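Below is one structure, written out as C-alpha coordinates; comments come after it.
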Amino acid sequence: MNQFQYVRPTKAQAAIEAVAKDANASFIAGGTNLVDLMKRGVMTPQKLVDINRLPFNKIEHQGSILRLGALALNSAVANDAQVREKHPLLSLALNAGASPQLRNMATVGGNMLQRTRCAYFYDVTMPCNKRQPGSGCGALEGINRMHAIFGFSDKCIAVHPSDMSVALVALDATVLLSGPKGDRKLAFADFHRLPGTTPERDTNLEPGELITAVEIPDSLFTRHVHYQKVRERASYAFALLSVAAALDMDGNTIKAARLAMGGVAHKPWRLAAAEQALVGQPATEATFQRAAAVAMQGAKAFKHNEYKLRLAPNAIVQALKTATAA
(Lines give C-alpha, C1' and ligand atoms only; values in the text may rest on other atoms or scores of the structure.)
Protein backbone atom coordinates (compact mmCIF):
# COMPACT_ATOMS: atom_id res chain seq x y z
CA MET A 1 0.00 0.00 0.00
CA ASN A 2 1.43 3.36 -1.03
CA GLN A 3 0.90 5.96 1.64
CA PHE A 4 -0.80 9.21 0.65
CA GLN A 5 -2.19 12.37 2.19
CA TYR A 6 -5.92 13.04 2.06
CA VAL A 7 -7.46 16.50 2.18
CA ARG A 8 -11.05 17.62 1.74
CA PRO A 9 -11.30 21.35 0.94
CA THR A 10 -14.59 23.21 0.91
CA LYS A 11 -13.49 25.91 -1.52
CA ALA A 12 -12.69 25.38 -5.20
CA GLN A 13 -9.67 27.66 -5.05
CA ALA A 14 -8.18 25.69 -2.16
CA ALA A 15 -8.62 22.44 -4.10
CA ILE A 16 -7.03 23.93 -7.21
CA GLU A 17 -4.07 25.29 -5.25
CA ALA A 18 -3.54 21.96 -3.53
CA VAL A 19 -3.14 20.17 -6.86
CA ALA A 20 -1.38 22.96 -8.72
CA LYS A 21 1.37 23.17 -6.09
CA ASP A 22 2.01 19.43 -5.95
CA ALA A 23 2.82 17.42 -9.08
CA ASN A 24 2.02 14.24 -7.13
CA ALA A 25 -1.49 15.34 -6.12
CA SER A 26 -4.74 14.23 -7.75
CA PHE A 27 -8.38 15.25 -7.48
CA ILE A 28 -10.75 12.50 -6.41
CA ALA A 29 -14.56 12.42 -6.51
CA GLY A 30 -16.31 9.05 -6.91
CA GLY A 31 -12.99 7.25 -7.25
CA THR A 32 -14.45 4.54 -9.50
CA ASN A 33 -11.38 4.57 -11.75
CA LEU A 34 -8.62 6.20 -9.71
CA VAL A 35 -8.92 3.82 -6.76
CA ASP A 36 -8.60 0.81 -9.09
CA LEU A 37 -5.50 2.32 -10.66
CA MET A 38 -3.99 2.96 -7.23
CA LYS A 39 -4.64 -0.62 -6.14
CA ARG A 40 -2.79 -1.90 -9.21
CA GLY A 41 0.10 0.53 -8.82
CA VAL A 42 -0.63 2.20 -12.16
CA MET A 43 -1.12 5.57 -10.49
CA THR A 44 0.52 6.44 -7.17
CA PRO A 45 -0.55 9.94 -6.11
CA GLN A 46 0.99 11.11 -2.86
CA LYS A 47 -1.94 13.41 -2.12
CA LEU A 48 -5.64 12.98 -2.81
CA VAL A 49 -7.75 16.14 -2.92
CA ASP A 50 -11.37 15.15 -2.33
CA ILE A 51 -13.64 17.63 -4.13
CA ASN A 52 -17.01 16.24 -3.02
CA ARG A 53 -17.69 19.22 -0.76
CA LEU A 54 -17.50 21.65 -3.68
CA PRO A 55 -20.80 23.01 -5.09
CA PHE A 56 -20.60 21.37 -8.51
CA ASN A 57 -23.37 18.77 -8.43
CA LYS A 58 -26.31 20.70 -9.89
CA ILE A 59 -28.17 19.85 -13.08
CA GLU A 60 -29.91 22.97 -14.36
CA HIS A 61 -31.31 24.46 -17.54
CA GLN A 62 -30.42 28.11 -18.09
CA GLY A 63 -31.77 29.85 -21.19
CA SER A 64 -30.91 27.51 -24.05
CA ILE A 65 -28.16 25.67 -22.18
CA LEU A 66 -28.26 22.57 -20.00
CA ARG A 67 -25.49 22.72 -17.41
CA LEU A 68 -24.25 19.56 -15.72
CA GLY A 69 -22.11 20.11 -12.65
CA ALA A 70 -18.87 18.14 -12.71
CA LEU A 71 -19.88 16.34 -9.50
CA ALA A 72 -23.34 15.36 -10.74
CA LEU A 73 -23.63 11.59 -10.52
CA ASN A 74 -23.97 9.60 -13.73
CA SER A 75 -27.18 8.02 -12.44
CA ALA A 76 -28.64 11.43 -11.55
CA VAL A 77 -27.87 12.83 -14.99
CA ALA A 78 -29.19 9.77 -16.83
CA ASN A 79 -32.49 9.89 -14.94
CA ASP A 80 -32.97 13.66 -14.82
CA ALA A 81 -36.20 14.75 -16.50
CA GLN A 82 -34.55 17.71 -18.26
CA VAL A 83 -31.79 15.50 -19.66
CA ARG A 84 -34.24 12.87 -20.89
CA GLU A 85 -36.41 15.55 -22.51
CA LYS A 86 -33.75 17.74 -24.10
CA HIS A 87 -30.83 15.32 -24.58
CA PRO A 88 -32.12 11.74 -24.58
CA LEU A 89 -28.98 10.59 -26.40
CA LEU A 90 -26.93 11.44 -23.30
CA SER A 91 -29.31 9.51 -21.06
CA LEU A 92 -29.06 6.45 -23.31
CA ALA A 93 -25.26 6.60 -23.36
CA LEU A 94 -24.97 6.94 -19.59
CA ASN A 95 -27.33 4.04 -18.94
CA ALA A 96 -25.25 1.88 -21.28
CA GLY A 97 -22.16 2.41 -19.15
CA ALA A 98 -20.79 0.37 -16.25
CA SER A 99 -23.37 -0.89 -13.71
CA PRO A 100 -26.07 0.80 -11.59
CA GLN A 101 -23.78 0.66 -8.56
CA LEU A 102 -20.94 2.42 -10.40
CA ARG A 103 -23.27 4.97 -11.98
CA ASN A 104 -24.40 5.85 -8.45
CA MET A 105 -20.80 6.80 -7.57
CA ALA A 106 -19.26 8.03 -10.83
CA THR A 107 -19.40 11.74 -11.63
CA VAL A 108 -19.58 13.69 -14.88
CA GLY A 109 -16.03 15.01 -14.49
CA GLY A 110 -14.64 11.67 -13.43
CA ASN A 111 -16.29 9.92 -16.36
CA MET A 112 -14.55 12.30 -18.75
CA LEU A 113 -11.20 11.64 -17.09
CA GLN A 114 -11.32 7.85 -17.22
CA ARG A 115 -8.04 6.25 -18.21
CA THR A 116 -7.94 3.64 -20.95
CA ARG A 117 -8.75 0.03 -20.08
CA CYS A 118 -5.92 -1.27 -22.27
CA ALA A 119 -4.54 -4.38 -20.55
CA TYR A 120 -0.96 -3.24 -21.15
CA PHE A 121 -1.68 0.03 -19.35
CA TYR A 122 -3.08 -1.83 -16.35
CA ASP A 123 -0.26 -4.38 -16.16
CA VAL A 124 2.77 -2.69 -14.59
CA THR A 125 5.02 -5.53 -15.76
CA MET A 126 4.35 -4.74 -19.42
CA PRO A 127 5.64 -1.88 -21.62
CA CYS A 128 3.22 1.05 -22.00
CA ASN A 129 4.07 4.53 -23.21
CA LYS A 130 0.94 5.92 -21.57
CA ARG A 131 1.90 4.61 -18.14
CA GLN A 132 5.69 4.93 -18.54
CA PRO A 133 6.73 7.17 -21.48
CA GLY A 134 9.48 5.66 -23.58
CA SER A 135 8.90 2.07 -22.48
CA GLY A 136 7.13 1.06 -25.70
CA CYS A 137 3.61 -0.03 -26.64
CA GLY A 138 2.95 -3.66 -25.85
CA ALA A 139 -0.34 -3.61 -27.74
CA LEU A 140 1.24 -2.84 -31.12
CA GLU A 141 2.47 -6.40 -31.56
CA GLY A 142 0.47 -7.93 -28.73
CA ILE A 143 -3.19 -8.67 -28.11
CA ASN A 144 -4.90 -5.65 -29.66
CA ARG A 145 -8.46 -6.85 -30.07
CA MET A 146 -9.96 -3.88 -28.19
CA HIS A 147 -7.76 -1.22 -29.75
CA ALA A 148 -7.98 1.79 -32.06
CA ILE A 149 -8.68 1.94 -35.78
CA PHE A 150 -8.56 5.76 -35.98
CA GLY A 151 -6.20 8.46 -34.72
CA PHE A 152 -3.54 6.20 -33.23
CA SER A 153 0.23 6.60 -33.39
CA ASP A 154 3.22 4.28 -33.15
CA LYS A 155 3.40 5.26 -29.48
CA CYS A 156 -0.12 4.20 -28.45
CA ILE A 157 -3.16 2.46 -29.94
CA ALA A 158 -5.37 2.52 -26.83
CA VAL A 159 -9.00 3.69 -26.90
CA HIS A 160 -10.99 5.97 -24.62
CA PRO A 161 -13.53 4.02 -22.53
CA SER A 162 -16.29 6.56 -21.77
CA ASP A 163 -19.81 6.10 -23.19
CA MET A 164 -20.98 9.47 -21.86
CA SER A 165 -18.19 11.28 -23.71
CA VAL A 166 -19.28 9.83 -27.06
CA ALA A 167 -22.71 11.40 -26.63
CA LEU A 168 -21.28 14.70 -25.39
CA VAL A 169 -18.97 15.13 -28.40
CA ALA A 170 -21.92 14.44 -30.71
CA LEU A 171 -24.02 17.06 -28.87
CA ASP A 172 -21.42 19.85 -29.23
CA ALA A 173 -20.90 20.17 -25.49
CA THR A 174 -18.53 22.64 -23.85
CA VAL A 175 -16.34 22.01 -20.80
CA LEU A 176 -16.03 24.66 -18.06
CA LEU A 177 -12.67 24.72 -16.32
CA SER A 178 -11.17 26.55 -13.39
CA GLY A 179 -7.45 26.66 -12.66
CA PRO A 180 -4.53 28.69 -11.34
CA LYS A 181 -4.82 31.04 -14.33
CA GLY A 182 -8.57 31.54 -13.94
CA ASP A 183 -11.65 30.19 -15.69
CA ARG A 184 -11.95 29.09 -19.30
CA LYS A 185 -14.16 27.12 -21.64
CA LEU A 186 -13.10 24.36 -23.99
CA ALA A 187 -15.09 22.66 -26.73
CA PHE A 188 -15.69 19.08 -25.71
CA ALA A 189 -14.22 17.94 -29.04
CA ASP A 190 -10.93 19.56 -27.98
CA PHE A 191 -10.88 18.26 -24.41
CA HIS A 192 -9.39 14.83 -25.12
CA ARG A 193 -6.18 14.32 -27.08
CA LEU A 194 -4.92 11.89 -29.68
CA PRO A 195 -1.77 10.05 -28.55
CA GLY A 196 0.79 11.49 -30.99
CA THR A 197 4.17 11.41 -29.27
CA THR A 198 2.73 12.12 -25.79
CA PRO A 199 0.19 9.36 -25.07
CA GLU A 200 0.63 9.92 -21.32
CA ARG A 201 -1.48 13.08 -21.77
CA ASP A 202 -5.14 12.11 -22.12
CA THR A 203 -6.58 15.63 -22.12
CA ASN A 204 -5.76 19.28 -22.72
CA LEU A 205 -6.19 20.15 -19.04
CA GLU A 206 -3.51 22.44 -17.68
CA PRO A 207 -1.78 21.55 -14.37
CA GLY A 208 -4.14 22.13 -11.48
CA GLU A 209 -7.21 22.72 -13.66
CA LEU A 210 -10.50 21.44 -12.36
CA ILE A 211 -13.60 20.57 -14.40
CA THR A 212 -16.51 22.49 -12.90
CA ALA A 213 -19.32 21.81 -15.38
CA VAL A 214 -20.32 20.69 -18.85
CA GLU A 215 -22.74 22.75 -20.93
CA ILE A 216 -24.89 21.35 -23.75
CA PRO A 217 -26.77 23.67 -26.11
CA ASP A 218 -30.41 22.95 -26.84
CA SER A 219 -30.96 21.30 -30.19
CA LEU A 220 -33.61 19.56 -32.28
CA PHE A 221 -32.10 16.13 -31.56
CA THR A 222 -34.76 15.19 -29.03
CA ARG A 223 -36.54 12.29 -30.70
CA HIS A 224 -34.63 10.38 -33.37
CA VAL A 225 -31.66 9.27 -31.30
CA HIS A 226 -29.93 6.03 -30.44
CA TYR A 227 -26.81 4.83 -28.65
CA GLN A 228 -25.60 1.56 -30.11
CA LYS A 229 -23.10 -0.21 -27.84
CA VAL A 230 -21.51 -3.44 -29.03
CA ARG A 231 -19.94 -5.41 -26.21
CA GLU A 232 -19.22 -8.96 -25.17
CA ARG A 233 -21.89 -9.10 -22.47
CA ALA A 234 -25.05 -7.16 -21.80
CA SER A 235 -23.81 -5.10 -18.84
CA TYR A 236 -20.69 -4.03 -16.97
CA ALA A 237 -18.56 -4.29 -20.11
CA PHE A 238 -16.66 -1.71 -22.10
CA ALA A 239 -17.57 -1.19 -25.73
CA LEU A 240 -15.86 -3.08 -28.51
CA LEU A 241 -17.23 -0.05 -30.28
CA SER A 242 -20.24 2.22 -29.92
CA VAL A 243 -22.19 4.70 -32.04
CA ALA A 244 -24.07 7.79 -30.91
CA ALA A 245 -26.61 8.79 -33.57
CA ALA A 246 -29.01 11.74 -33.58
CA LEU A 247 -31.17 12.93 -36.47
CA ASP A 248 -33.44 15.90 -37.10
CA MET A 249 -36.07 14.70 -39.57
CA ASP A 250 -38.55 16.39 -41.89
CA GLY A 251 -40.78 13.53 -42.87
CA ASN A 252 -38.38 10.97 -44.32
CA THR A 253 -35.68 13.55 -45.10
CA ILE A 254 -32.70 14.12 -42.80
CA LYS A 255 -32.34 17.84 -42.05
CA ALA A 256 -29.36 17.49 -39.70
CA ALA A 257 -27.33 14.69 -38.17
CA ARG A 258 -24.88 14.02 -35.37
CA LEU A 259 -22.66 10.93 -35.30
CA ALA A 260 -19.81 9.86 -33.04
CA MET A 261 -18.10 6.61 -32.18
CA GLY A 262 -16.50 5.14 -29.09
CA GLY A 263 -14.05 2.29 -28.74
CA VAL A 264 -12.26 3.21 -31.96
CA ALA A 265 -9.81 5.97 -30.99
CA HIS A 266 -7.83 7.57 -28.17
CA LYS A 267 -10.69 10.09 -27.82
CA PRO A 268 -14.42 10.13 -28.64
CA TRP A 269 -14.47 10.07 -32.43
CA ARG A 270 -16.80 12.57 -34.15
CA LEU A 271 -17.88 11.56 -37.67
CA ALA A 272 -18.36 15.00 -39.21
CA ALA A 273 -17.97 13.92 -42.85
CA ALA A 274 -20.54 11.16 -42.39
CA GLU A 275 -22.93 13.68 -40.82
CA GLN A 276 -22.67 15.86 -43.93
CA ALA A 277 -23.27 12.84 -46.13
CA LEU A 278 -26.64 12.34 -44.41
CA VAL A 279 -27.96 15.90 -44.68
CA GLY A 280 -30.70 16.34 -47.27
CA GLN A 281 -30.90 12.61 -47.94
CA PRO A 282 -33.81 10.21 -47.45
CA ALA A 283 -33.65 8.02 -44.36
CA THR A 284 -33.01 4.77 -46.18
CA GLU A 285 -30.59 1.91 -45.64
CA ALA A 286 -28.75 2.88 -48.81
CA THR A 287 -28.19 6.40 -47.42
CA PHE A 288 -26.98 4.98 -44.14
CA GLN A 289 -24.57 2.61 -45.86
CA ARG A 290 -23.08 5.46 -47.89
CA ALA A 291 -22.61 7.51 -44.71
CA ALA A 292 -21.00 4.52 -42.98
CA ALA A 293 -18.57 4.13 -45.87
CA VAL A 294 -17.62 7.80 -45.52
CA ALA A 295 -17.18 7.33 -41.76
CA MET A 296 -14.72 4.50 -42.29
CA GLN A 297 -12.34 6.43 -44.52
CA GLY A 298 -8.86 6.33 -43.02
CA ALA A 299 -9.61 3.42 -40.68
CA LYS A 300 -6.79 0.93 -40.18
CA ALA A 301 -6.78 -2.26 -38.14
CA PHE A 302 -4.15 -4.35 -36.38
CA LYS A 303 -3.75 -8.11 -36.20
CA HIS A 304 -6.53 -8.81 -33.71
CA ASN A 305 -9.05 -6.01 -34.36
CA GLU A 306 -9.72 -6.36 -38.08
CA TYR A 307 -13.29 -7.29 -37.16
CA LYS A 308 -13.87 -3.62 -36.27
CA LEU A 309 -13.55 -2.67 -39.95
CA ARG A 310 -16.69 -4.72 -40.59
CA LEU A 311 -18.43 -4.20 -37.27
CA ALA A 312 -18.14 -0.41 -37.25
CA PRO A 313 -20.04 0.37 -40.48
CA ASN A 314 -22.69 -2.22 -39.59
CA ALA A 315 -23.13 -0.58 -36.18
CA ILE A 316 -23.44 2.86 -37.77
CA VAL A 317 -26.16 1.62 -40.11
CA GLN A 318 -28.01 -0.10 -37.27
CA ALA A 319 -27.78 2.97 -35.02
CA LEU A 320 -29.19 5.19 -37.76
CA LYS A 321 -31.99 2.74 -38.56
CA THR A 322 -32.97 2.56 -34.89
CA ALA A 323 -32.80 6.34 -34.48
CA THR A 324 -34.98 6.83 -37.56
CA ALA A 325 -37.61 4.47 -36.17
CA ALA A 326 -37.71 6.22 -32.79
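Quick notes on this one:
- Restricting segment 176-285 to chymotrypsin sites (Phe, Trp or Tyr not before Pro) in coil, as DSSP defines it, with at most 13 other Cβ within 10 Å: Y236
- Over all distinct Cα-Cα pairs of segment 1-142, the Kirkwood formula returns a hydrodynamic radius of 16.9 Å.
- Placing +1 on the Cβ of every Lys and Arg and -1 on the Cβ of every Asp and Glu, with nothing else charged, gives segment 4-81 a dipole about its Cα centre of roughly 160 debye.
- The helix-only estimate of mean residue ellipticity at 222 nm for the chain, built from DSSP H runs of length n ≥ 4 each weighted as -39500 (n - 2.57), is -7500 deg cm²/dmol after division by the residue total.
- Note: relative contact order over segment 133-250, using C-alpha pairs below 8 Å and six or more positions apart, is 22 percent.
- Residues whose amide H comes within less than 5 Å of that of A213, counting only those at least five positions distant or on another chain, are A70, L176 (H built at 1.01 Å from N in the peptide plane).
- Debye, to nearest 20: dipole size of the chain, +1 on Lys, Arg Cβ, -1 on Asp, Glu Cβ: 480 debye
- Placing one equal scatterer on every Cα of segment 108-223 and applying the Debye formula, the log10 ratio I(q)/I(0) at q = 0.15, 0.17, 0.18 Å⁻¹ is -0.73, -0.88, -0.95.
- Lys pairs under 24 Å by Cα in segment 179-306, provided they are eight or more residues apart or on distinct chains: 6
- Across all C-alpha atoms in segment 166-232, the radius of gyration and Dmax reach 14.7, 44 Å.
- Element breakdown for the chain at a 1.4 angstrom probe: carbon and sulfur atoms account for 50% of the accessible area.
- Measuring how big segment 223-299 is from its alpha-carbon positions, Rg and Dmax come out at 13.1, 38 Å.
- Relative contact order of the chain, defined on C-alpha pairs under 8 angstrom at six or more residues apart (%): 17 percent
- Per residue, the chain exposes 45 Å² of solvent-accessible protein surface, assessed with a 1.4 angstrom probe and all protein chains in place.
- Three semi-axes of the equivalent ellipsoid, the chain, Cα gyration tensor, whole Å, largest first: 32, 25, 16
- Cα-centred dipole magnitude for segment 1-156, charges only on beta-carbon of K, R (+1) and D, E (-1), debye, nearest 20: 160 debye
- From phi via Karplus (6.51, -1.76, 1.60), per-residue ³J(HN,Hα) for segment 285-295 in Hz, x at Gly/Pro: 5, 5, 4, 5, 5, 5, 5, 5, 5, 5, 4
- Other residues whose C-beta falls under 15 angstrom from the C-beta of N144 contribute a net charge of +3, scoring Lys and Arg +1 and Asp and Glu -1.
The values are calculated or read from the model by the stated rules, or taken from the named source; none is laboratory data. Predicted, not measured: the structure shown is a model, and the values here were computed from it. Virtual Cβ from ideal backbone geometry, glycine too; neighbours counted across all protein chains shown. Surface accessibility is based on the protein's heavy atoms, side chains included, excluding ligands, DNA and RNA. Shrake-Rupley method; radii C 1.70, N 1.55, O 1.52, S 1.80 Å.
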